[in-house]
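Step one of this worksheet: look at the structure below.
Read-outs throughout are calculated quantities, based only on the coordinates presented, and are distinct from any laboratory measurement. Being a predicted model, the structure only gives us computed values, none of them experimental. Backbone-built Cβ (ideal geometry, glycine too); neighbour counts: all protein chains shown.
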Amino acid sequence: MGKIVEFNERCSSCKGTGLYQGLGERDGFAVICHDCKGTGCFHYKHEYEDFVKRELKPGVRQVLEVNPGICAGRGTGDKKFTFSDFGGMPYEDWLKGKPFSQGMEMRRFTCPAWWYQSADYKKKPGWEECDCMGRTFSACSHFPNKDKCWERWDTEFGEIVKVMKSDDEVSRE
């Protein structure tokens with residue numbers, strides 16, 4: 001059975017005035033606030049169900065850690081891909097709680113900079129050779145040989161980091 005949380009609050013868009021002044025309203029002009037329709041009062045209503053357990057997602061066979069903007073699918077015709085071409089792990093492993101690890105990235109289609117911009121920005125390499133800044137990652141002159149970039153990433157960043165006593169004391173395996 002669904003539950004409802006419902007209340008009235010001071011409209012945060014117009015600060016309770018019912019009128020909004022943005023970049024386009026100057027010299028004494030204002031517009032009726034779109035969120036509260038000019039009342040100054042925003043009515044919040046959220047319907048939900050209590051969480052009991054994680055449900056199964058029918059039809060899913062492979063789970064990706066993130067998607068950096070690539071259409072992940074098996075393809076048709078001459079362009080048939082396997083699930084592992086896109087990285088990730090089988091759905092059953094994810095359900096069991098297996099963590100994502102090195103090698104599960106979408107290496108066939110991305111470079112380390114592209115992947116880790118979405119997956120874990122702290123692991124994104126800032127190599128001087130990366131010449132994609134301000135452009136798409138695939139425009140980098142090294143992108144056609146991204147396997148070499150992944151080899152370098154594995155060497156430089158591919159260590160598993162464990163936090164021991166505090167965030168400042170880190171050991172590498």
What is the packing order of peptides 38-46, 9-17, taking the mean over residues of other C-beta atoms within 10 Å and listing the highest first?
9-17, 38-46
Once label points are set 7 Å from the Cα along Cα→Cβ at both Y121 and A139, what is their separation, rounded to one decimal in nm?
2.1
Calculated FRET efficiency for the pair D35/F7, C-beta based, R₀ 22 Å, to 0.05
0.90
Hey, in the GNM for the chain with a 10 angstrom Cα cutoff, which one of Y91, Y121, Y48 fluctuates hardest?
Y48
Between 0 and 90 degrees, rounded to the nearest ten: what's the tilt of helix 146-156 against the longest Cα principal axis of the chain?
90
Least to most buried among R74, R54, R61, by other C-beta atoms within 10 Å and fewest first, runs R54, R61, R74
For region 13-59 versus region 77-155, the gap between their alpha-carbon centres in whole angstrom:
37
Can you compute the modelled spin-label distance between T17 and K45, with each label point 7 Å from Cα toward Cβ, in nm?
2.9
Quote to one decimal, in nm, the extra length available between R108 and L95 on full extension: 0.36 nm per residue of separation minus the C-alpha distance between them.
2.2 nm
